[in-house]
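Visitor: I'd like to ask you about the structure that follows.
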Amino acid sequence: MKNILTTLISEHVKQNPDRVAFKYKQFPGGAEWTPTTWKQFSENVNNLALRLVDNGIGVQDTIAIFSANRPEILYSDFAAFSIRAISVSIYATSSADQVKYIVNDSKAKLLFVGNETQYKIARSVADKMPGLKAIIAFDEIAVEDGDYTFSQFTKLAIKDGIAEEVTKRTSEAVPEDIATLIYTSGTTGEPKGAILAHSNFDAAIEIHQKVLPIKEDWTTISFLPMSHIFEKAWTYLCLSMGMQVWVNNNPKDIAKSLRETRPNCMCSVPRFWEKAYATITDKMSVMPWYKKTFVKYALHIGHRRNIEYAAKGLKAPFLLEKQYQFLNKRIFMPLRKVMGIENGYFFPTAGAPLSANITEFFHSIGINLVIGYGLSETTATVSFYPTENWQLGTVGQPLPIYKIRIGENNEIQVKSPTVMQGYFNKPEETKKAFTEDGWFKTGDAGKLDPETGAITLTERLKDLFKTSNGKYIAPQALETLLGEDKFIEQVAIIADKRKYVTALITPAFEALTEYAQKKKIQYKSIEDLVKNSEIIKMMQQRIDDIQKGFASFEQIKKFTIIPREFSMELGELTNTLKIRRTIINSHFAGEIEAMYV
């Protein structure tokens with residue numbers, strides 16, 4: 001099959017036009033989930049495709065989308081695919097400079113924006129985007145002359161012959177056509193647009209349909225931004241299967257949305273599960289001793305049944321299975337129901353490390369976290385846990401279409417039909433990303449299990465620190481473990497060219513203030529609270545416990561609790577919530593230097 005994304009909708013219309021493709025809440029502030037059938041989906045996409053062509057979008061021209069998740073993103077993406085255009089997603093939280101950079105770098109001719117805030121951001125740099133013809137707002141807001149609301153744009157009259165041109169382009173689509181540009185987070189430099197062709201998505205979708213235990217009558221919820229390659233590729237896969245997608249427009253509403261939709265699967269990043277784990281274990285910590293003892297016993301049984309047996313493809317002993325079913329009915333199922341995932345079968349998780357402790361916990365209570373690994377440049381998935389015989393601490397086994405090798409500095413290098421063509425407008429960066437013999441260099445160090453081929457990540461090479469004593473420090477391992485703690489929201493390890501390891505910590509402010517209230521700690525402000533000696537002592541004890549398994553030179557010797565979270569607006573976080581160490585080091589230079597006095 002070629003160009004799956006180009007024909008995906010029309011194929012489903014042929015099979016079952018009245019089946020629901022996705023549901024969403026009306027914007028803004030809708031309360032009810034509104035269904036859209038495949039027939040309606042097709043009509044909306046075709047209508048937009050006509051307007052794109054009539055407004056000068058040619059073959060392999062680019063449109064950009066700057067919006068939070070909503071159906072119009074799907075309409076825009078698939079309209080672009082149908083006319084052989086390129087769709088570029090911009091994170092809804094992007095700054096004016098980031099929008100300007102991506103629009104200009106991608107040579108976008110039209111920019112779709114979500115709400116009034118995003119429209120104003122785009123308008124503020126419109127005169128610095130000379131190739132842009134118009135801005136189109138999804139919401140019904142006031143727009144300037146030359147711009148449109150989505151409703152206005154899709155009602156524009158079209159010239160004769162446009163419909164025939166759309167049909168012609170669809171029929172002439174080839175796998176080599178660029179489908180999208182995925183702009184990397186830019187933790188160490190300006191973002192780069194990874195060129196993903198339709199052939200990349202064809203290969204990714206076809207192999208996932210073969211190897212994943214998912215079914216077309218399942219439902220999924222789109223939680224991560226559709227500008228994230230993980231969510232984009234996952235949503236396309238689910239739609240290709242005919243699976244109904246719930247479009248969640250606000251990530252902060254995900255807990256409520258899960259309880260309303262109760263999906264069978266959902267892709268997510270580790271932070272979602274870290275927060276869920278912290279919430280659950282916090283509630284467990286205040287249980288009466290007899291309840292706590294019972295829950296610990298249940299977790300022990302769940303671990304034995306689900307990890308020691310089921311995960312290895314083994315049938316649990318009769319008594320253990322009976323114990324598990326009893327505890328599942330009385331403890332685990334009610335817990336999953338409170339979370340809204342009692343119908344859940346499959347929860348792919350990637351984008352950052354997730355500790356083995358948290359992974360074990362959720363598997364023990366019957367939540368099938370499928371840990372994986374991938375990049376924007378590889379059309380998402382490189383590897384993930386198989387259905388059976390997965391190994392804790394790894395990121396699973398490579399997809400069958402991947403060749404994997406370990407290169408210089410233990411770097412993971414890959415070959416696959418899902419690997420990008422290169423970086424848009426950046427031939428030198430493209431050259432650096434590949435070896436002389438054509439393997440893509442992931443930038444991640446790791447090792448392969450000689451028997452199973454499972455990948456274990458060890459560090460991100462760009463993040464690897466060397467202390468002034470010549471010791472190498474991989475900060476992500478410790479940052480991941482610290483992120484499990486209920487009092488810690490974000491961590492930035494400091495060590496490069498320093499004599500010992502330190503850390504900047506942003507606390508979980510709600511948990512911290514509750515602790516202060518419980519301990520009757522007096523404070524006038526958050527700034528006052530994070531400097532309190534009792535708070536610092538408590539945090540020191542928790543950090544010491546967490547890092548016991550690390551070598552002495554890897555352990556945090558000093559830390560500073562800062563009174564605010566790291567911010568995307570200030571450039572300290574990428575849109576995928578990865579920390580930008582250089583900017584953090586600059587913004588908190590005084591606090592850092594004080595730890596080395």
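Visitor: Take the residues in the range 356-382 that are open to solvent by less than 10 Å² (accessible area, probe 1.4 Å), among the polar types (S, T, N, Q) and touching a helix residue (DSSP H, G or I) at 6+ places or on another chain (Cβ under 6 Å); name whichever of them is nearest to Ile401 (Cα to Cα).
Guide: In this case the residue turns out to be Thr379.
Visitor: I've got another one for you. Counting only residues that are open to solvent by less than 50 Å² (accessible area, probe 1.4 Å) and in contact with a Phe, Trp or Tyr (Cβ under 7 Å, 6 or more places away or on another chain), how many does the range 408-433 have?
Guide: Summing the residues that are open to solvent by less than 50 Å² (accessible area, probe 1.4 Å) and in contact with a Phe, Trp or Tyr (Cβ under 7 Å, 6 or more places away or on another chain) in the range 408-433 gives 6.
Visitor: When you check Ile367 against the structure, is it in contact with a Gly (Cβ under 7 Å, 6 or more places away or on another chain), more than 27 Å from Thr220 (Cβ to Cβ) and outside any helix (DSSP H, G or I), yes or no?
Guide: Taking the combined requirement at face value, the residue does not satisfy it.
Visitor: Six or more apart or on different chains, Cβ atoms under 8 Å: show the pairs whose first residue is in the range 289-311 and under 15 Å from Ile358 (Cβ atoms) and at pLDDT 95 or above and whose second is among the aromatic types (Phe, Trp, Tyr) and buried (at least 18 other Cβ atoms within 10 Å of the Cβ).
Guide: Partner pairs satisfying both residue conditions: Leu299/Phe361; Gly302/Tyr324; Gly302/Phe332; Asn306/Tyr324.
Visitor: Looking at (1) open to solvent by 70 Å² or more (accessible area, probe 1.4 Å); (2) closer than 25 Å to Gln391 by Cα; (3) among the polar types (S, T, N, Q), find the lone condition where Thr281 falls short.
Guide: Among (1) open to solvent by 70 Å² or more (accessible area, probe 1.4 Å); (2) closer than 25 Å to Gln391 by Cα; (3) among the polar types (S, T, N, Q), Thr281 violates only (1).
Visitor: Now a separate question. I'd like to check something: does the range 418-432 contain any residue that is without any contact (Cβ under 8 Å) to a residue 60 or more places away in the chain and under 23 Å from the mean Cα position of the chain (by Cα)?
Guide: There is no residue in the range 418-432 that is without any contact (Cβ under 8 Å) to a residue 60 or more places away in the chain and under 23 Å from the mean Cα position of the chain (by Cα).
Okay, residues lined up against (1) open to solvent by 50 Å² or more (accessible area, probe 1.4 Å); (2) out of contact with any helix residue (DSSP H, G or I) (no Cβ under 6 Å at 6 or more places or on another chain); (3) of a type in the set (Ser, Thr, Tyr); (4) not in a helix (DSSP H, G or I):
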{"residue": "Glu489", "(1), (2), (3), (4)": "no, yes, no, yes"}
{"residue": "Ala503", "(1), (2), (3), (4)": "no, yes, no, yes"}
{"residue": "Thr513", "(1), (2), (3), (4)": "no, yes, yes, no"}
{"residue": "Lys520", "(1), (2), (3), (4)": "yes, yes, no, yes"}
{"residue": "Glu527", "(1), (2), (3), (4)": "yes, yes, no, no"}
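Visitor: When you scan the range 398-406, do you find a residue that is touching a Leu at 6+ places or on another chain (Cβ under 6 Å) and either assigned to a helix (DSSP H, G or I) or farther than 30 Å from Thr574 by Cα (or both), even just one?
Guide: Within the range 398-406, none of the residues are touching a Leu at 6+ places or on another chain (Cβ under 6 Å) and either assigned to a helix (DSSP H, G or I) or farther than 30 Å from Thr574 by Cα (or both).
Visitor: Just for the range 329-338: of the residues that are out of contact with any Gly (no Cβ under 6 Å at 6 or more places or on another chain) and within 27 Å of Gly396 (Cβ to Cβ), which one is least open to solvent (accessible area, probe 1.4 Å)?
Guide: Arg336
Visitor: Taking interchain pairs and intrachain pairs at least six residues apart, which have beta carbon atoms under 7 angstrom, with the first residue in the range 543-566 and within 18 Å of Thr480 (Cβ to Cβ) and the second open to solvent by less than 30 Å² (accessible area, probe 1.4 Å) and part of a loop (DSSP other than H, G, I, E, B)?
Guide: That search, which allows pairs on different chains as well, returns Ile546/Asp485; Phe566/Glu572.
Visitor: How many of the residues making up the range 529-542 are more than 10 Å from Phe487 (Cβ to Cβ), part of a helix (DSSP H, G or I) and open to solvent by 50 Å² or more (accessible area, probe 1.4 Å)?
Guide: 6
Visitor: Only residues that are over 17 Å from Asn104 (Cα atoms), among the β-branched types (Val, Ile, Thr) and part of a helix (DSSP H, G or I): list them for the range 119-175, please.
Guide: Ile162, Val166, Thr167, Thr170 - these are the residues of the range 119-175 that are over 17 Å from Asn104 (Cα atoms), among the β-branched types (Val, Ile, Thr) and part of a helix (DSSP H, G or I).
Visitor: Which of the helices (runs of 4 or more DSSP H) contained wholly in the range 207-322 include at least 2 residues that are over 30 Å from Ala511 (Cβ atoms)?
Guide: So the answer is 229-241.
Visitor: Among the numbered criteria (1) in contact with a Phe, Trp or Tyr (Cβ under 7 Å, 6 or more places away or on another chain); (2) modelled with pLDDT of 95 or more; (3) open to solvent by 10 Å² or more (accessible area, probe 1.4 Å), which one does Ile254 miss?
Guide: Going through the list (1) in contact with a Phe, Trp or Tyr (Cβ under 7 Å, 6 or more places away or on another chain); (2) modelled with pLDDT of 95 or more; (3) open to solvent by 10 Å² or more (accessible area, probe 1.4 Å), Ile254 breaks only (2).
Visitor: If you don't mind, there's one more thing I want to ask. Looking at this structure, is Ala589 over 30 Å from Gln98 (Cβ atoms) and either open to solvent by 40 Å² or more (accessible area, probe 1.4 Å) or among the small types (Gly, Ala, Ser) (or both)?
Guide: no
Visitor: Quick one: which residue in Ala134, Ala163 is open to solvent by 40 Å² or more (accessible area, probe 1.4 Å), closer than 30 Å to Asn3 by Cα, of a type in the set (Gly, Ala, Ser) and touching a residue at least 60 places away in the same chain (Cβ under 8 Å)?
Guide: Ala163
Visitor: Would you be able to say whether some residue in the range 568-586 is open to solvent by less than 50 Å² (accessible area, probe 1.4 Å), more than 24 Å from Pro270 (Cβ to Cβ) and part of a helix (DSSP H, G or I)?
Guide: Among the residues of the range 568-586, not one is open to solvent by less than 50 Å² (accessible area, probe 1.4 Å), more than 24 Å from Pro270 (Cβ to Cβ) and part of a helix (DSSP H, G or I), which makes the answer no.
Visitor: Related question: Just checking, which of Arg123, Arg51, Arg70 is more than 24 Å from Gly242 (Cα to Cα), among the basic types (Lys, Arg) and open to solvent by less than 40 Å² (accessible area, probe 1.4 Å)?
Guide: Among Arg123, Arg51, Arg70, only Arg51 is more than 24 Å from Gly242 (Cα to Cα), among the basic types (Lys, Arg) and open to solvent by less than 40 Å² (accessible area, probe 1.4 Å).
Visitor: Between a first residue in the range 326-345 that is on the phi < 0 side of the Ramachandran plot and a second residue that is among the acidic types (Asp, Glu) and open to solvent by 30 Å² or more (accessible area, probe 1.4 Å), which pairs have beta carbons less than 9 Å apart while being 6 or more apart in sequence or on different chains?
Guide: Every condition considered, the pairs that remain are Met333/Glu342; Pro334/Glu342; Leu335/Glu342; Arg336/Glu342.
Visitor: Could you tell me whether the range 434-447 includes any residue that is farther than 28 Å from Leu504 by Cβ, in contact (Cβ under 8 Å) with a residue 12 or more places away in the chain, surrounded by 13 or more Cβ atoms within 10 Å (Cβ to Cβ) and in contact with an Asp or Glu (Cβ under 7 Å, 6 or more places away or on another chain)?
Guide: There is at least one residue in the range 434-447 that is farther than 28 Å from Leu504 by Cβ, in contact (Cβ under 8 Å) with a residue 12 or more places away in the chain, surrounded by 13 or more Cβ atoms within 10 Å (Cβ to Cβ) and in contact with an Asp or Glu (Cβ under 7 Å, 6 or more places away or on another chain).
Visitor: A follow-up question, please. Specify which of the listed residues (Ile86, Ile90) is over 22 Å from Phe22 (Cβ atoms) and either among the aromatic types (Phe, Trp, Tyr) or buried (at least 20 other Cβ atoms within 10 Å of the Cβ) (or both).
Guide: Ile86
Visitor: Answer yes or no: is there a residue in the range 339-348 that is open to solvent by 70 Å² or more (accessible area, probe 1.4 Å) and either of a type in the set (Phe, Trp, Tyr) or in a helix (DSSP H, G or I) (or both).
Guide: yes
The values are calculated or read from the model by the stated rules, or taken from the named source; none is laboratory data. Everything numeric here is computed off the predicted structure, so don't read it as measured data. Note that we place each Cβ from the backbone using ideal geometry, even for glycine, and neighbour counts take in every protein chain shown. Side chains are part of the model used for accessible areas, which takes the heavy atoms of the whole protein and leaves out ligands, DNA and RNA. Shrake-Rupley method; radii C 1.70, N 1.55, O 1.52, S 1.80 Å.
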